[in-house]
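To start, the structure itself, in structure tokens.
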Amino acid sequence: MSEQEKQLELLQGTLDLLILKAVSLGPLHGYGVLLRIQQISGQALVIQQGSLYPALYRLEHQGVIASEWGESDNNRKAKFYSLTAAGNLRLSEETEKWNRMSVLMGNILLATASAVPEQA
């Protein structure tokens with residue numbers, strides 16, 4: 001299987017949660033967020049910069065992440081993002097929702113014809 005085939009498409013609405021999780025592990029500049037998501041997904045998720053930066057802006061505008069200018073590893077000026085208290089709460093709530101949905105979907109996908117009640 002090629003690397004491209006191993007990469008998964010992001011489900012609608014999961015990018016914000018992935019960004020919140022990535023910055024919860026420590027402050028990161030935009031490209032660092034992208035790399036962190038790739039790293040913690042085992043390279044299975046690749047985030048496009050065209051999706052990432054609007055999401056970072058939106059999350060900052062919502063007050064769940066904050067930014068501060070700093071210097072990147074290659075001595076360039078970069079905006080570093082970190083989780084706010086509101087972001088920590090959102091991450092916790094969204095993680096709980098995702099976990100419930102994951103269990104629900106797993107149960108649905110395991111259903112067999114013999115386990116489904118007949119329709120009247």
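Any chance you could count the Lys pairs in the chain whose alpha carbons are under 26 Å apart, treating pairs 8 or more apart or on different chains as valid?
Pairs that pass both the separation and distance tests number 5.
Sum -39500 (n - 2.57) across every DSSP H segment of at least 4 residues in the chain, then divide by the residue count to get the 222 nm mean residue ellipticity, nearest 500.
Helix-only estimate at 222 nm: -17000 deg cm²/dmol.
Choose one answer from Ala66, Ala22, Ala78: the residue with the largest mean-square fluctuation in a GNM of the chain with alpha-carbon springs under 10 Å.
Ala78
Running a GNM on the chain with Cα contacts under 10 Å, which residue among Leu52, Leu20, Leu104 ends up with the highest mean-square fluctuation?
It is Leu104.
So how far apart, in nm, are the two label points at Ala86 and Asn107 if each is 7 Å from Cα heading toward Cβ?
According to this spin-label approximation, the distance is 3.4 nm.
Among Leu15, Leu35, which comes first, then next, by fewest other beta-carbon atoms within 10 Å?
Lowest to highest Cβ neighbour count: Leu35, Leu15.
How big is the Rg/Rh ratio for segment 11-110, C-alpha atoms only, Rh by Kirkwood, two decimals?
Checking Rg against Rh, the ratio lands at 1.01.
Just so you know, all these numbers are worked out from the coordinates, no wet-lab data involved. Just so you know, these numbers come straight off a predicted model, no measurement behind them. For neighbour counting, all protein chains shown are included, and Cβ atoms are generated from backbone atoms with ideal geometry for every residue, glycine included.
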